[in-house]
Amino acid sequence: MLVLGIETSCDETGIALYDSERGLRAHALYSQIELHAEYGGVVPELASRDHVRKILPLIRRVLDEAQIQRREIEGVAYTAGPGLMGALLVGAAVGRSLAWAWDVPAVGVHHMEGHLLAPMLEDNPPAFPFVALLVSGGHTQLVQVEGVGKYQLLGDSLDDAVGEAFDKAAKMMGLGYPGGPRIAALALQGNPERFTFPRPMVDRPGLDFSFSGLKTFTLNTLQKHIQGNQSQDEQTKADVALAFEQAVVDTLAIKCKRALTQTGLQRLVIAGGVSANTRLREKLQVMTAGLGAEVFYPRLEFCTDNGAMIAFAGCQRLLGGQREDLGFGAMPRWELENLQAV
Ligand code: KG4
Ligand code: ZN
């Protein structure tokens with residue numbers, strides 16, 4: 001089955017064509033990062049307007065690249081939530097309308113299900129069941145995955161999501177948006193001996209996360225050590241970036257290990273924007289090897305938002321027989337556990 005996937009939940013317009021027989025046929029992404037950079041974060045109205053401008057040209061480009069005619073498309077998948085309402089509605093309206101015009105089924109996909117299944121686009125896909133660590137700008141979740149749509153939440157963030165914590169810490173250091181990659185780059189110059197940050201909630205039982213205390217700790221450390229001397233301050237920021245990143249990575253690894261032990265599962269999937277973090281990937285590789293388990297993640301470009309993961313997840317749902325009526329909607333809030341099993 002050949003499915004067109006559309007992602008517009010936040011600040012990336014992602015379009016892809018996935019074929020259940022032949023794999024990913026083509027994909028394209030337009031990132032709005034520069035548009036939002038001067039505001040230090042995503043401005044929802046600007047995001048929606050830019051999706052309106054970019055979505056149809058990107059769809060045409062993907063069809064041309066794959067040399068696919070419209071009549072060959074057998075289904076349309078679009079992100080229906082969670083995300084920014086206006087942005088979601090652009091993808092939903094276009095996706096549902098194209099499906100109607102082409103007389104093929106449409107399906108609204110849960111954005112985090114897209115992330116969670118993204119490692120299945122790779123050559124060595126994880127088999128079910130597995131534990132998934134979902135780490136993005138809006139989510140920090142540990143999920144037990146038995147199959148498509150069979151998700152049990154093991155742990156969740158009590159406050160800031162991990163990507164959000166990266167973004168806020170970066171803002172404190174004047175690094176700009178998005179913060180994750182910038183902190184990771186600056187941390188490479190950091191001195192590991194200088195600061196040690198707390199690992200939040202690791203001494204308590206359970207699999208929930210809290211990163212807001214780490215954010216405050218970061219701010220306090222910066223206020224105490226930034227002196228007004230440019231070169232010393234640059235080094236201090238690098239040292240703080242490293243201490244922050246190490247604390248986040250260690251905390252995530254400790255909880256992932258706990259989740260694998262608790263469930264007795266042997267496979268760990270990491271997905272979402274923060275799974276692009278090299279230090280996190282390396283740490284989880286070592287941790288899982290120590291347990292005799294395996295870790296899976298998407299290629300770098302599919303860690304952050306993209307159309308391929310939506311085309312793939314939508315294809316699984318359409319193949320499983322899920323169909324929607326002609327109405328469409330978007331859900332800015334939507335629990336992963338409420339999804340229909342396939
Ligand atoms: O999944 P995503 O593209 O969008 C959401 O669904 O939220 O994730 C974006 C988040 C941002 O907070 C960004 O700072 C973070 O992922 N991120 C990273 C890295 N690359 C992106 N965080 C840490 N290290 C990275 N290399
Ligand atoms: Zn995302």
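The values are calculated or read from the model by the stated rules, or taken from the named source; none is laboratory data. These figures come from a predicted structure and were not determined experimentally. With ideal geometry, Cβ positions are generated from the backbone for all residues, glycine too; neighbour counts draw on all protein chains shown. Calculation scope for accessible area: heavy atoms of the full protein, side chains included, ligands and nucleic acids excluded. Shrake-Rupley method; radii C 1.70, N 1.55, O 1.52, S 1.80 Å.
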Task: Among residues of the stretch 258-301, those that are touching a residue at least 60 places away in the same chain (Cβ under 8 Å), more than 16 Å from ligand 1 (Cβ to nearest atom), in a helix (DSSP H, G or I) and hydrophobic (A, V, I, L, M, F, W, C), counted - done: 2
TODO: May I ask you to verify whether ASP233 is charged (D, E, K, R), surrounded by fewer than 21 Cβ atoms within 10 Å (Cβ to Cβ) and within 16 Å of SER157 (Cα to Cα)?
DONE: no
Open item on the list: Among (1) open to solvent by 10 Å² or more (accessible area, probe 1.4 Å); (2) under 24 Å from ASP103 (Cβ atoms), there is one condition THR8 misses while meeting the rest; what is its number?
Closed with: (1)
Task: Residues within the stretch 115-142 that are within 16 Å of ligand 2 (Cβ to nearest atom) and either in a strand (DSSP E or B) or open to solvent by less than 10 Å² (accessible area, probe 1.4 Å) (or both), tallied - done: 11
- [ ] Considering every residue within the stretch 309-320, establish whether at least one is within 14 Å of ligand 2 (Cβ to nearest atom), open to solvent by 80 Å² or more (accessible area, probe 1.4 Å) and under 15 Å from the mean Cα position of the chain (by Cα).
- [x] no
Task: Residue count for the stretch 321-342, restricted to those that are open to solvent by 60 Å² or more (accessible area, probe 1.4 Å), of a type in the set (S, T, N, Q) and either in contact with a strand residue (DSSP E or B) (Cβ under 7 Å, 6 or more places away or on another chain) or not in a loop (DSSP other than H, G, I, E, B) (or both) - done: 1
Task: Selection count where residues are basic (Lys, Arg) and assigned to a helix (DSSP H, G or I), scope the stretch 179-233 - done: 3
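This table checks each residue for (1) more than 25 Å from TYR30 (Cα to Cα); (2) surrounded by fewer than 22 Cβ atoms within 10 Å (Cβ to Cβ); (3) touching a His at 6+ places or on another chain (Cβ under 8 Å).
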position: ARG53; (1), (2), (3): no, yes, no
position: VAL76; (1), (2), (3): no, no, no
position: GLU113; (1), (2), (3): no, no, no
position: GLN144; (1), (2), (3): yes, yes, no
position: TYR151; (1), (2), (3): yes, no, no
position: ALA165; (1), (2), (3): no, no, no
position: LYS168; (1), (2), (3): no, yes, no
